[in-house]
Each structure stands twice: as structure tokens, then as C-alpha cells.
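> Mind having a look at this structure? Questions to follow.
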Amino acid sequence: MHTFVFDRVGVVAGSTPLLVDLDVTMPGGRCTAVVGPSGTGKTTLLRLLNRLAEPSSGQILLDGSPITGLDVLALRRRVGLVPQRSVLLADVVVDEVRVGRGDLPIPRAQALLTRVGLPESFADRRCAELSGGEAQRVCLARALAVEPDVLLLDEPTSALDAAAAAVIADLIREHVDAGGNVILVSHDPSFVRTVADDVLLLDDKHLIPEDRTDQIDRKR
């Protein structure tokens, strides 16, 4: 079911602890939102899940297996990260969508653009001409192209208007309803309430299950 488990995970940068004794399960078939003040390590937490960062202590398991025992490229195809700051690798959008799937038919790439709320005509746009929100959605289409089990989304609505954010919310629910796992970081309490099945508060280096939605507002 594409379930992640943090088993006493810690991260230290130099001599400074960033994350301490994270001990939590993020189950498949659900959307888990990680909230909390800026600078507390939320992006680092996401990067741990596809080994763009490594824990200093403890271990992370995916479906019962330590992720350190998995081929890192296979892991990153299975666990797709869409960063807040988009990094585009191709000149033209259609090629960007196909970065991880060179055999992806162009109509399928266009359909993925539609799925993330962009018109099919964007396939011919130059990546350098895209706005921040457009680039972020192209990165999401690129991640979807390899059909990941898990989506890691870092501030997925930070550059989007309400209509575009609603499209992303629908996409998240579709992925979860199909049995996938979505783990996202967000400072948008309204979006979190819309999409999240579970909310974890990252504060003072620890993860705390967050049941009171009023605290999402106070801790953002």
C-alpha cells in the first residue's frame, strides 16, 4: 500500500539537530500534510523520502523495507518529488514532461498537462517562458509521467490561484483514491483541510499528529 515508516529518524547538519526521533507512519491510500513554521525542516523531511537527503540516525521504511536497500533510481521513479522551486531540464514543455519517459506518446503528455490544469497547447511552449506556477505544474506532469506510487509535493499551491489549486486538490484525491500515497508540505490551511486525511505538525524538531484544525492556523 506504499506506506512510509519513520523509525526514530534524526537529521543533524554540522552539530545542529534539524529533526529528532521522528517516529511516524504515513500510510498509502491517504494524503498526509506536514505543517509548521518556516525553517523547521519540512522540505528536508520530504527529501529524505526519496534519498535526496539521508538521515543521520534511524531508518525509513517503504512497505516494510529500508529504503537504503532499494535501488535509488527505482525509488525515485516510485516516489516522485515535485519541489516548490521548479527545475526544468528541457527547452520545450512536451520534452520536459517526457524527461523520465522518453517513450511517452505526445498525446499522453498533452493529457498529463490537462490533468494538472494546463491546456494541451502548452506542449509546444518554451520552458523559459513559463511563470512560476506554470513551471511547477509542468514538473507535476513530469512526475506523473512515470506513474509513481507516492507523490511528494512541496508547497504545491504557493504560486497558484484558487482555481488552479482546486485542480491540484482534485488530482491529489484521484491519486489517493486509486491507492497511491501523497505527502505534502503546505502553509495553506484551507488547502490542507481540503486534501489531507492526516496532518502532522513539525515543530521543535519533532513530528506531532495534529487533530485540531485551529492549530493549523496558529502554527503555519
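> Over region 23-163, with the other protein chains present, what is the accessible area per residue in square angstrom, probe 1.4 angstrom?
In whole numbers, region 23-163 has 44 Å² accessible per residue.
> Whole number please: convex hull volume per residue of the Cα set in region 95-204, in Å³?
114 Å³
> Something else: Using the Kirkwood radius over C-alpha pairs as Rh, can you work out the diffusion coefficient of region 16-59 via Stokes-Einstein at 10 °C, viscosity 1.306 mPa s, in µm² per second?
Rounded to a whole number, D works out at 135 µm²/s.
> Over the heavy atoms of ASP21, what accessible area does a 1.4 Å probe trace out, to the nearest 10 Å²?
Using a 1.4 Å probe on the heavy atoms, I get roughly 70 Å².
> Nearest 20 debye, what's the magnitude of the dipole of region 11-160 about its Cα centre given +1 on Lys and Arg Cβ and -1 on Asp and Glu Cβ?
80 debye
> Here's another thing I want to ask about it. Can you pull the percent of the chain's accessible area that's carbon plus sulfur, 1.4 Å probe, other chains left in place?
Roughly 48 percent, rounded to a whole number.
> While we're here: Using every Cα-Cα pair within region 1-84, state what percent have a distance larger than 22 Å.
Summing the P(r) of region 1-84 above 22 Å gives 21 percent of all pairs.
> Right, here's the next one. Which is farthest toward the positive dipole end of the chain among LEU46, VAL192, LEU207, measuring Cα position about the Cα centre, with Cβ charges +1 (Lys, Arg) and -1 (Asp, Glu)?
Ranked along the dipole, the leading option is LEU46.
> Follow-up. Starting from the Kirkwood Rh over alpha-carbon pairs, what translational D in µm² s⁻¹ does region 72-122 have by Stokes-Einstein at 4 °C and 1.567 mPa s?
108 µm²/s
> Taking every DSSP beta bridge that has both residues in the chain, what percent is antiparallel when rounded to the nearest 5?
Given both bridge residues lie in the chain, the antiparallel proportion sits at roughly 55 percent.
> For region 1-99, what is the charge dipole size about the Cα centre, in debye to the nearest 20, if Lys and Arg each add +1 at the Cβ and Asp and Glu each add -1 at the Cβ?
The dipole of region 1-99 has a size of about 120 debye.
> Karplus couplings for region 73-86 from phi (6.51 cos²θ - 1.76 cosθ + 1.60, θ = phi - 60°), rounded to Hz, Gly and Pro as x?
5, 5, 4, 6, 6, 7, 10, x, 9, 10, x, 5, 9, 6
> Shifting gears a bit: Which percentage, to the nearest 5, of the DSSP beta bridges contained in region 1-118 is antiparallel?
So the antiparallel bridges in region 1-118 amount to around 100 percent.
> Moving on. Using a 1.4 angstrom probe on the protein heavy atoms only, line up ILE208, ILE60 by accessible area, largest first.
Descending accessible area places them as ILE208, ILE60.
The values are calculated or read from the model by the stated rules, or taken from the named source; none is laboratory data. Computed from a predicted model, the values in this text were never measured in an experiment. Cβ coordinates were reconstructed from backbone atoms using ideal geometry, including for glycine residues, and neighbour counts include every protein chain displayed. The protein model used for the area step is the full one, side chains on, heavy atoms only, and it has no ligands, DNA or RNA in it. Shrake-Rupley method; radii C 1.70, N 1.55, O 1.52, S 1.80 Å.
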